Each structure stands twice: as structure tokens, then as C-alpha cells.
Amino acid sequence: MELKLRAVRREDAAQLAGLLAQLGYPTDEATVHERLDYWLDDPASQLIGADDDGELVGVAALHFSPMLEVTGKAGRLAALVVDERYRSRGVGQSLVAAFEDQARAAGCVKLEITSSRYRERTHNFYKQLGYEDICASSARFIKTVTE
């Protein structure tokens, strides 16, 4: 299998909606179009797609932000999803490697990935790639805000 990694495009909205549903975040094409408007226009964010002969079969959503506490930027893998038909075939590993390359190029000195606790298989995948689960030493706080 030879996949091509490329930037996600607006015309990928329908396929991206399907991938997000597989990740556990069902949505529709119109909503994905709205999200792509701000993702694709944000210079600190990137969407890398895995393409199999024109079909989007995986996506990595990346965001880079400057850090105040140390010199450099932090890279965050905001989302990673591979079509269930392509899992365990190296697609996710290729997308994470592309994320790491882009993060280095953007001046990142730290990389972060968050993942729900129930995704144990995914956690093992990240550990195999050299990522460490630091939740025992670092808390994460989230607050949902609405208008």
C-alpha cells in the first residue's frame, strides 16, 4: 500500500465527516465545511491527510503555539483518525511522523497528544512511538464555554 500524505482540502469535507464519525464525533458535511474555514485559514494549524487514490483515509490535526515558560513552541496533535479499514497498516504512524516533522519545522520543542482514557489501544500506539503518559504528574482542566 502506498499512501500519499497531503494537506486536507475543503473538498474533503464529506470524507472527513465520515472519519470524524469513526473517531466518535458524528457530524455532517456542512458542519465540517464550517470547521475547515477556520482550520485551513489558521497559520498555526495544519490538517494532514492520508490519501489512497483520491480517498481520504486518515487525518492528523496539528496546532502549534508559543510557550512562555520555555523558549520555543508546543505542538499539539489535536486529532488523529485512520479509517477502520486502514488501521494497523502504518497509516497512523505515518501521520504522527508527519506531525513531528511539521512541529520541528515550526520550532516546537515539546509535543502533546491527549486521548480519552477508554482508548487503551490508542495509548499503546502512542507509547510505542515514544510518547509518555504524564497524567499522574500533570493535571488537565477543561471548561466548556458558550455564548
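The values are calculated or read from the model by the stated rules, or taken from the named source; none is laboratory data. All figures in this text were calculated on a predicted structure; none of them were measured in a lab. Neighbour counts run over all protein chains shown; Cβ positions are idealised from the backbone, glycine included. We work out accessible area using only protein heavy atoms, side chains counted, and drop any ligands, DNA or RNA first. Shrake-Rupley method; radii C 1.70, N 1.55, O 1.52, S 1.80 Å.
Data overview
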read-out	value
Highest-MSF residue in the chain out of Ile113, Ile134, Ile48 [GNM, Cα springs under 10 Å]	Ile134
Loop trypsin sites (Lys or Arg not before Pro), region 1-87 (other Cβ atoms within 10 Å of the site Cβ: 15 or fewer; DSSP)	Arg9
Estimated D of region 100-147 in µm² per second, where Rh is the Kirkwood radius over Cα pairs and Stokes-Einstein applies at 4 °C, 1.567 mPa s	99 µm²/s
Overall dimensions of the chain by Cα: Rg and Dmax, Å	15.4, 46
Charge dipole magnitude, Cβ of K and R +1, D and E -1 - the chain, Cα centre, debye nearest 20	620 debye
Summed residue charge, Cβ within 15 Å of Gly58's Cβ, Lys/Arg positive, Asp/Glu negative	-2
Accessible-area composition of region 60-147, carbon plus sulfur, in percent [1.4 Å probe]	49 percent
Principal-axis tilt of helix 13-23 within the chain, Cα atoms, nearest 10 degrees	60 degrees
Local electrostatic count, Glu84, Cβ distance below 15 Å [Lys/Arg +1, Asp/Glu -1]	+2
Cβ-based charge dipole, the chain, positive-most Cα from Gly24, Gly75, Tyr131	Tyr131
The chain, accessible area per residue, ligands and nucleic acids excluded (1.4 Å, Å²)	65 Å²
Packing rank of 88-95, 55-62, where each peptide gets the mean count of other beta carbons within 10 Å, highest leading	55-62, 88-95
